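**Student:** Here you go, one structure.
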Amino acid sequence: MTYLLFPSAPPWLAAQNGYLDGVTRVLGQTINLLPDRLDMPSIYRQLNPNMVAAIPSLHAAYPFLVLLFALRFFGRRGLVVAPYVLAVWLAVIYLGEHYAIDVILGAAYAGMAFALGPLAVRFVERIRTWRLDRTPSFTRA
């Protein structure tokens, strides 16, 4: 929804179109440097990534979500994931894939999903229970 309401080009695309200076798409250059036998550019294209959806950063959201679950299940030992999360956040900015605000919003979305997820599950369960209670007993499986 955010991308539809606030479309934002990633830094590499803004630089490619002359809106920014000094941003190089490092990931694209790196993939093209891999040996031909791996054919990474073709594999990457077949994964069908959205090349221009920058905000919010799902690259930032998913690792942060993993950290939140690690903290919930393992307590302070879950912090072992934190360096990876920070490394991903810094990497996507450094590689020109996202702006810092994209990373911040991605983390915020992940935090909201983590916090609101249990409420959503309870809501769906209540609707399901309500519907089962209203269903005549002869049609229940």
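The values are calculated or read from the model by the stated rules, or taken from the named source; none is laboratory data. Owing to the predicted nature of the structure, the values given are computational and were not obtained by experimental measurement. Neighbour counts run over all protein chains shown; Cβ positions are idealised from the backbone, glycine included.
**Student:** Pairs please, first residue from segment 15-36 and closer than 15 Å to Ala91 by Cα, second anywhere and modelled with pLDDT of 70 or more and surrounded by 15 or more Cβ atoms within 10 Å (Cβ to Cβ), Cβ atoms under 6 Å, 6+ apart in sequence or on different chains.
**Tutor:** Val23/Pro11; Val23/Trp12; Val23/Ala15; Val23/Gly96; Arg25/Trp12; Arg25/Gly96; Val26/Leu95; Leu27/Leu95
**Student:** Does Pro41 satisfy being at pLDDT 85 or above, out of contact with any His (no Cβ under 7 Å at 6 or more places or on another chain) and surrounded by 11 or more Cβ atoms within 10 Å (Cβ to Cβ)?
**Tutor:** When the stated conditions are applied, Pro41 does not pass them.
**Student:** Any chance you could count how many residues in segment 80-116 are over 28 Å from Gln16 (Cβ atoms) and touching a residue at least 12 places away in the same chain (Cβ under 8 Å)?
**Tutor:** The number of residues fulfilling the criteria is 8.
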